[in-house]
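Input: a single structure, listed below in structure tokens.
Read the figures in this text as sums done on the coordinates, not as results from a lab. The shown structure was predicted, so the numbers you read here are calculated from the model rather than taken from an experiment. Cβ: placed from backbone, ideal geometry, glycine included. Neighbour counts: every protein chain shown.
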Amino acid sequence: MSNFHEQAMHFVYQQVLHRLLGFFSRPERIALQLLVQRILVAAGGLERIGSYRVMVVHEGGKECAYTLAFLRAAQLSIAGRTPETFTLRIAVLRQPRVTTKVMARIQTQCNELFVYDDPTVELLLVDETQVRRLDKHIPVAFERLGSDMDRTQILMAGHLSEGVPRATFFYADLLSRAKLYRRACEWGGHVDALIDRRPPEHLGEYTQWIRQVALKQGHAANALYAQDFESAVKLCSKLDDDFKHWLRLPVPLNLLGAHSADSEINIINVFDCLSYEVDMLHSQVLMFVEGSWNVKVLDVEEPQAAVVLLSAHIQGIRGVCHCGDEYHVGVQDFLRKASADNQANERYKGQVIKKLGGSFNTPKRIERLRKTVTHYLAELHGMTDEHLICALYSPFVDQASGLEVFLQQRHPEKIHVRNDLRQTLMEENAASEADVKWLESVSGLPVSALRVLFGMSKTDFSAGKSLIAALWMYDPDKQL
């Protein structure tokens, strides 16, 4: 790059910084200076900042967009006072919930922050098979991710847990994320620091949780059991393999290099920088990179909203199936309790929960919520309410001990073939094509997975013997 071109690009980036800072409030400017100082100290000073690489994981939500805006402002601020600045690696972990719409939002943020073609920014798309630079000119990066295996894993977990939301949707997602994170760290140059935007105590709770589960699962105590984050991530990768083995699902080929085990990454916690005296939902910085958020439009793809709405949706369906209530009763009860539990929580998650509770408080509004969540699950996982209802009844586990009740309450027209259905679950040779087709249709699972469930038991959450039960037993957030 010629000296003239470097000067021209430096001018462009300073114009980007000037525009970005125009949206920062006074408390946000103070927080930005604190962030800059924290990164400089972690790097060892201005003289070392040019060789320092910081990674942030982007999951598609507004918290991530807000964090990215601050990091970009910090990077450009340092570049304005010294010839070099730190390298910013943005890792987009490609999971089914990162939809085409979410990826498009991330692209918009990157355009606004002028990260494309900047040599000090590494924008990566990470999935189970590869890591590649994310380019706005390559549309293949935004194609929908296939979800058959993901749906199978979720629904099998749902059957084993009788539809407990965290056990059904969250645990498999958490465990699979570890390999993607490690792959993002291993790509290219060494990552020196990871940005953590959560409360400082969260990381310690996470590390302890994963260690306890791994010990419960019988993994031998060794160097992996050190009390640091990287060790917890490696254990999480092992538990992901355990989870798939337990469900008899294929385990993806381990593409991680041997040197990944030796990496040491500093954690830079920025919670106080991004949360102190700042109302993120109404921040001009967030509106600049992400646009305003109208809760009544119900953006279920916002991660913090999705967690709450999926749980509320299951609660509504559970009330219909097991209590004979109207759907809106269970949803409204869940949102009301969640809002009360988060009354004093002024963090972003607390604000989102309270806004959802206040906005969806009538049967008509809740019915609109149901349609949105149902469409979201269908698009994301190819999953229907019928599949969820089936999981709530858990009719195939424990050698199909709950099959008759399920048929009586949901499919009375099939009572007369209950023995044939049970026989189909027991042995492949006894299966009729019609029975297999019906079982797969009502459950959303291949008959091979149903036969696995037939030989398994419902989760006893108090005993902690299975992997799901162990994850639940030590989960610091299970009450949520």
Could you pull out every residue, at least 5 positions away or on a different chain, whose amide H is within less than 5 Å of the one on Arg89? Hs are placed 1.01 Å off N in the peptide plane, and Pro or chain starts have none.
-> Val54, Met55, Val56, Glu122
Under 21 Å Cα-Cα from Lys244, which lysines qualify once same-chain neighbours fewer than 8 residues away are excluded?
-> Lys179, Lys216, Lys234, Lys458, Lys465
When the dipole is taken about the Cα centre of the chain, and only Lys, Arg (+1) and Asp, Glu (-1) are charged at their Cβ, what size is it in debye, to the nearest 20?
-> 680 debye
In degrees, nearest 10, range 0 to 90: what is the angle between the Cα axis of helix 171-186 and the longest Cα principal axis of the chain?
-> 30 degrees
For Cys321, Cys390, Cys273, what ranking results if the residue with the fewest other Cβ atoms within 10 Å of its Cβ goes first?
-> Cys321, Cys273, Cys390
Which whole-angstrom value gives the distance between the alpha carbon centres of the stretch 365-386 and the stretch 22-49?
-> 42 Å
Where a ≥ b ≥ c are root eigenvalues of the Cα gyration tensor, a/c under 1.5 meaning rounded, otherwise prolate if a/b exceeds b/c and oblate otherwise, the stretch 294-383 counts as oblate
Normalising by the residue count of the chain, find the relative contact order in percent from Cα pairs under 8 Å and 6+ residues apart.
-> 18 percent
Order by neighbour count: Val12, Val36, fewest other Cβ atoms within 10 Å first, most last.
-> Val12, Val36
Once both axes come from the Cα atoms, what is the angle between helix 26-43 and the longest principal axis of the chain, in degrees from 0 to 90, rounded to 10?
-> 90 degrees
Would you list His58, His159 from fewest to most Cβ contacts within 10 Å?
-> His58, His159
Relative to the first principal axis of the alpha-carbon coordinates of the chain, what is the inclination of helix 348-359, with its axis defined by its Cα atoms, in degrees from 0 to 90 and to the nearest 10?
-> 50 degrees
Enumerate the amide H contacts of Asn266 below 5 Å, restricted to partners 5 or more residues apart or on another chain; note that Pro and chain-start residues carry no placed amide H.
-> Ala193, Leu194
